[in-house]
1. Can you pull out every residue in the range 64-84 that is assigned to a loop (DSSP other than H, G, I, E, B) and within 11 Å of the ligand (Cβ to nearest atom)?
2. Pull up the range 68-107, narrow it to residues that are touching a residue at least 60 places away in the same chain (Cβ under 8 Å) and hydrophobic (A, V, I, L, M, F, W, C), then point me to the one that is surrounded by the fewest Cβ atoms within 10 Å (Cβ to Cβ).
3. Does the range 47-58 contain at least one residue that is free of Cβ contacts under 8 Å to residues at least 60 places away in the same chain and over 13 Å from the mean Cα position of the chain (by Cα)?
4. How about the range 61-103: which of its residues are farther than 12 Å from Leu46 by Cβ and of a type in the set (Gly, Ala, Ser)?
5. Taking the range 48-67 only, how many residues are surrounded by 14 or more Cβ atoms within 10 Å (Cβ to Cβ) and either more than 19 Å from Gly29 (Cα to Cα) or among the charged types (D, E, K, R) (or both)?
6. Suppose the filter is buried (at least 17 other Cβ atoms within 10 Å of the Cβ), more than 15 Å from the ligand (Cβ to nearest atom) and under 16 Å from Tyr31 (Cβ atoms); does Ser43 pass it?
Amino acid sequence: MKDHGSGHDSKHGHYEMYQKMMQISGAKGGYHRDQIFDEEKRSDYLRCLHCRRTYLRGEYRDVDGFQMCPYEGCDGSTVLDGIDWERFREDYPQYPEIPERGKVYGM
Ligand SMILES: [Zn+2]
């Protein structure tokens, strides 16, 4: 098990920002990311900026009501720390259209 106590303060600020964005956008149910960002849906995949792995758009791990990166132990959120896979591939065109699950992509 990882120590969940460490880095709690910075995490708290992160959650606060997430919460604020939900309030502003009026997001309630569903997939928060799609309600908070008026993002043109480009692919079915998102890449996590924290663990650099990919997951299906719509997937998340519920942590106290926040929609977090589905990979266990990752503290990235699907709202603030995700990037659309197609957007990411603009910078890294060598990567496949359909990313491999659990694989780390990029720097
Ligand atoms: Zn992650």
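Derivation of every value follows stated rules applied to the coordinates shown; laboratory data play no part. Just so we're clear, the structure is a prediction, and the values are computed from it rather than from any experiment. So basically every Cβ, Gly included, is an ideal-geometry build from the backbone, and we count neighbours across all protein chains shown.
1. Scanning the range 64-84 gives Cys69, Pro70, Tyr71, Glu72, Gly73, Cys74, Asp75, Gly76, Thr78, Asp81.
2. Filtering first and then ranking leaves Leu80.
3. no
4. Gly65, Gly73, Gly102
5. Here the count works out to 11.
6. yes
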